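Okay, structure first, notes after.
The values are calculated or read from the model by the stated rules, or taken from the named source; none is laboratory data. None of the values given here were measured: they were computed from a predicted structure. Don't worry about glycine lacking a Cβ; one is built from the backbone with ideal geometry, like all the others, and counts go over all protein chains shown. Side chains included, ligands, DNA and RNA excluded: accessible areas come from the protein's heavy atoms. Shrake-Rupley method; radii C 1.70, N 1.55, O 1.52, S 1.80 Å.
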Amino acid sequence: MKLILLGAPGAGKGTQADILCEKLDIPTISTGNILRAAVKNGTPTGLKAKAFMDAGQLVPDEVIIGIISERLEEPDCAKGYILDGVPRTIAQAEALEKAGIVFDSVVSLEVSDEAICERMSGRRVCESCGASYHVAAVPPKTEGVCDKCGGKLIQRKDDAPETVKSRLEVYHKETEPLKAFYAERGLLKTVENQPTVEAVSQAILRVLGR
Ligand code: AP5
């Protein structure tokens, strides 16, 4: 199963990718997590990406295409994967197509901009492992502490309201056109927002026929 999760910032791609990778037994590849780790470690890629990420802008396509081509060569990708946050532009989608990668499905998570802005203010992420929580919808067992690794939970810098606004603008301009791109190829499946995280997972599995 080769799957792309599309959706606005905060639509729940990371949350659902974590659930689906366990259910489908395939890895998740999140360009956001890869870039955040690169920034934290001060690698050349991280140094290039930081200013774009802090401003809520997209990192240049050539950087992303390099990261993803390398990652997809790793052995754990042999039986499939879930792409979270990539492709994000038509150029990235065309690069994947040119590399001969054929996807089984592209699931677009549909959440309104208003709901996104509300969600982002409550998001907390683990500064060690990147796991994502929400103070009301997905709270950790102990406030401020990651259930998975015991790391400290923090707010992401790019979750500041003004930056979320820029990220939504970029999403509508650069990423939303991918829905038509994949609909033309007969791959697009849309999943409307549901009252709970679990209900969204069930809706995704339904459209995937699982
Ligand atoms: P990235 O990390 O990919 O950010 P994003 O796409 O903006 O997505 P998020 O991680 O913010 O949200 P999500 O959809 O995963 O939602 P989550 O599950 O956390 O990218 C960050 C930056 O890196 C970009 O801005 C860009 O600069 C760069 N970048 C990355 N990839 C790139 C690429 N391909 N090209 C160029 N640049 C790239 O959920 C959000 C919150 O809501 C959480 O608190 C969660 O607990 C909660 N929640 C989830 N589901 C529900 C629900 N059903 N009900 C209530 N709450 C929910």
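Overview of values
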| read-out | value |
| --- | --- |
| Search result, residues across region 39-49 that are open to solvent by 40 Å² or more (accessible area, probe 1.4 Å) and part of a helix (DSSP H, G or I) | 39, 40, 41, 44, 45, 47, 48 |
| Neighbours by Cβ (under 9 Å, 6+ apart or cross-chain): first from region 187-205, without any contact (Cβ under 8 Å) to a residue 24 or more places away in the chain; second of a type in the set (Phe, Trp, Tyr) | none |
| For residue 116: the one exception among (1) open to solvent by less than 40 Å² (accessible area, probe 1.4 Å); (2) more than 28 Å from residue 192 (Cα to Cα) | (2) |
| Contacts under 6 angstrom Cβ, first residue in region 50-79 being surrounded by 14 or more Cβ atoms within 10 Å (Cβ to Cβ), partner small (Gly, Ala, Ser), 6 or more apart | 56/166; 59/49; 61/91; 65/95 |
| Check on residue 85, within 14 Å of the ligand (Cβ to nearest atom), open to solvent by less than 40 Å² (accessible area, probe 1.4 Å), within 30 Å of residue 192 (Cβ to Cβ) and small (Gly, Ala, Ser) | yes |
| Any chance residue 23 is basic (Lys, Arg), under 30 Å from residue 199 (Cβ atoms), outside any loop (DSSP other than H, G, I, E, B) and out of contact with any strand residue (DSSP E or B) (no Cβ under 7 Å at 6 or more places or on another chain) | yes |
| Residue satisfying condition, being surrounded by fewer than 18 Cβ atoms within 10 Å (Cβ to Cβ) and within 11 Å of the ligand (Cβ to nearest atom), within set 209, 144, 150, 122 | 122 |
| Condition check for residue 58: within 19 Å of residue 179 (Cα to Cα), part of a loop (DSSP other than H, G, I, E, B), modelled with pLDDT of 95 or more and in contact with a helix residue (DSSP H, G or I) (Cβ under 8 Å, 6 or more places away or on another chain) | yes |
